[in-house]
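The values are calculated or read from the model by the stated rules, or taken from the named source; none is laboratory data. Quantities reported herein were computed from a predicted structural model and do not represent experimental measurements. Cβ coordinates were reconstructed from backbone atoms using ideal geometry, including for glycine residues, and neighbour counts include every protein chain displayed.
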Amino acid sequence: MEQQTIIPKSIDEYILQYPQEIQEILKTLRKVIKESAPNAEEKISYGMPTFVLNGNLVHFAAFKNHIGFYPTPSGINTFKQELSGYKTSKGAVQFPIGKPIPYVLISKIVKFRVDENKSKTEGKIKKKK
């Protein structure tokens, strides 16, 4: 179930390339992110569904055995304790397929990233004045 070589043009297109059970996970993940960051824009970046608000917020992707979630290193570090049961790296976490996806935690991470990007943007505006 590796990603096809054709890069999708939209998140809908991305989701449709996977089997039904994976599509359901991806649709729910997308919904959780949209509810947590209602003003974020959707796009495909690095071949993955991406949400942008004052810069990149989060990316996600489906793989053979897991769903990858990419909330940047700060998102991983801030929620290190809650993510301790999952395989993580500098800016990514893997949620195994077949186990419950922690949507409440994902929502918290997305909201954290929204606040973080907003603070960075406000800081840049203040520096310009």
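One table, with the values for the structure above:
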read-out	value
Candidate set: segment 91-124, residues that are basic (Lys, Arg) and in a helix (DSSP H, G or I); chosen: the one modelled with the lowest pLDDT	LYS124
Hey, ARG113 within 22 Å of ILE6 (Cβ to Cβ), among the basic types (Lys, Arg) and surrounded by 18 or more Cβ atoms within 10 Å (Cβ to Cβ) or not	no
Residue ranges of strands (runs of 3 or more DSSP E) in segment 1-74 with at least 1 members among the hydroxyl-bearing types (Ser, Thr, Tyr) and farther than 20 Å from PHE112 by Cα	41-45
Where GLY47 falls short, out of the listed (1) of a type in the set (Gly, Ala, Ser); (2) more than 22 Å from SER74 (Cβ to Cβ); (3) modelled with pLDDT of 95 or more	(3)
Residue within segment 101-110 that is closer than 21 Å to GLU13 by Cβ and under 12 Å from the mean Cα position of the chain (by Cα) present	no
Qualifying residue in segment 14-24 (condition: of a type in the set (Val, Ile, Thr), in contact with a helix residue (DSSP H, G or I) (Cβ under 9 Å, 6 or more places away or on another chain) and either more than 29 Å from LYS120 (Cα to Cα) or surrounded by fewer than 12 Cβ atoms within 10 Å (Cβ to Cβ) (or both))	yes
Counted residues, segment 44-84 - those being surrounded by 18 or more Cβ atoms within 10 Å (Cβ to Cβ), in contact (Cβ under 8 Å) with a residue 12 or more places away in the chain and either touching a His at 6+ places or on another chain (Cβ under 6 Å) or basic (Lys, Arg) (or both)	2
